[in-house]
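The values are calculated or read from the model by the stated rules, or taken from the named source; none is laboratory data. If you're wondering where the values come from, they're calculated on a predicted model, not measured in any experiment. Cβ placement follows ideal geometry from the backbone for every residue including glycine, while neighbour counts extend to all protein chains displayed. To get the accessible areas, we keep the full protein, side chains included, count just its heavy atoms, and leave off ligands, DNA and RNA. Shrake-Rupley method; radii C 1.70, N 1.55, O 1.52, S 1.80 Å.
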Amino acid sequence: MGNEKKRKNMDPVKTGLNMLSVSLLQPMDIIKVRMQLGQGSGAQIASNILKTEGGYAAFYRGLSAALLRLPLHKAVQAGSYSIIATTVTGDNDRKPLSLGQKVMVTSTALTIGWAFSIPTQLAEIRMQADATFPTSKRRNYTNVFNALHRVVADEGVRVLWRGSVPEIAKQYALTTGCFSVYSPSFRYLKDSLGFGVTTSVIGAGVISSFMGCALSLPFDYVRTQLQTMQPDAYGKYPYTGSFDCVRKTWKTGGLPMFYSGFHFYFFRFAALTTISWFITKQLRRLDASISEKKITIKAR
């Protein structure tokens, strides 16, 4: 119980520091999105942003949505987990959750958290992609709240969840890829190659991030296409849904097109994973230090 309480107390701090990490790495995300939309290489996109879109500030388009998504997802996930776990525990005659039930409850809470945060993601992707459209077709959202309001007013509430299927599939692919590879990679680096704990943790994080990104980027690509698409002069959209997007993309560019921007996607996620691990480690040290001082003071 004490460890659970400490973990919850640290969550707001971790979320805040993760928001800082996302802010620092946001330029990689906008380049990845532009590459998925066929705007050229990373170097070409970065040069064009600097020359024609207002300089370095343009790399942070959509940041307000990215920063809102993190605490929103965390809050909804935590609330959902608490409600579902309490319900299941009641059905168990107050017995602790079994391993299978914990997996079910966690998966359901994660899905609900992802689903609630999709509108903010749609706003972010659209703001990042806006400059790629002709001037007459740009949406010119000023921030995440302006974007959400105008989407509802101009296109309807349902559009906020456009791209939900590939986005949730992406998150599961990313999570599954990372978790399935991390432990074997850590053991191999530490036990077989003789690396230290810190090196093994970072190395396993990079390897598992690569696997997660390789499995999830095709879903991310489809999500980007669906969330940024606009109707033509006759009101017809280029894709009718996820499967139509997959079919047309495969026909046009094959498998490589689904991996547009992979190196930026991978580097950003690997960096976030490493930073998150470092932050968690430092917070645990700080918490242990504070607890030790409290015990010393009480002993006196």
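Pull up segment 148-170, narrow it to residues that are outside any helix (DSSP H, G or I) and in contact (Cβ under 8 Å) with a residue 24 or more places away in the chain, then point me to the one that is farthest from the chain's Cα centre (by Cα).
Residues of segment 148-170 outside any helix (DSSP H, G or I): 156, 162-163.
With the extra rule that they be in contact (Cβ under 8 Å) with a residue 24 or more places away in the chain, the set shrinks to 162-163.
Details: 162: 16, 163: 14 Å.
Among residues in segment 148-170 that are outside any helix (DSSP H, G or I) and in contact (Cβ under 8 Å) with a residue 24 or more places away in the chain, the one farthest from the chain's Cα centre (by Cα) is 162.
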- Would you check if there is a residue in segment 104-114 being out of contact with any Ser or Thr (no Cβ under 7 Å at 6 or more places or on another chain) and under 24 Å from residue 31 (Cα atoms)? yes
Quick check, is residue 103 in a helix (DSSP H, G or I), surrounded by 16 or more Cβ atoms within 10 Å (Cβ to Cβ) and at negative phi? no
task = State whether one or more residues within segment 81-88 are closer than 27 Å to residue 21 by Cα, buried (at least 19 other Cβ atoms within 10 Å of the Cβ) and outside the structural domain of residue 221 (by the TED database).
result = no
Among 50, 67, 63, 17, the single one that is out of contact with any Pro (no Cβ under 8 Å at 6 or more places or on another chain) and without any contact (Cβ under 8 Å) to a residue 12 or more places away in the chain is 50
Of the conditions (1) more than 19 Å from residue 128 (Cβ to Cβ); (2) touching a residue at least 60 places away in the same chain (Cβ under 8 Å); (3) out of contact with any Lys or Arg (no Cβ under 9 Å at 6 or more places or on another chain); (4) open to solvent by less than 50 Å² (accessible area, probe 1.4 Å), the single one that residue 242 does not satisfy is (3)
Only unsatisfied item for residue 130, checking (1) open to solvent by 30 Å² or more (accessible area, probe 1.4 Å); (2) in contact (Cβ under 8 Å) with a residue 40 or more places away in the chain; (3) closer than 22 Å to residue 220 by Cα; (4) not β-branched (Val, Ile, Thr), is (1)
Within segment 45-67, residues being open to solvent by less than 10 Å² (accessible area, probe 1.4 Å) and at positive phi number 1
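Please tell me if residue 139 is modelled with pLDDT of 90 or more, surrounded by 14 or more Cβ atoms within 10 Å (Cβ to Cβ) and outside any helix (DSSP H, G or I).
Values: modelled with pLDDT of 90 or more: yes; surrounded by 14 or more Cβ atoms within 10 Å (Cβ to Cβ): yes; outside any helix (DSSP H, G or I): yes.
Considered against the rule, which asks whether it is modelled with pLDDT of 90 or more, surrounded by 14 or more Cβ atoms within 10 Å (Cβ to Cβ) and outside any helix (DSSP H, G or I), residue 139 comes out as yes.
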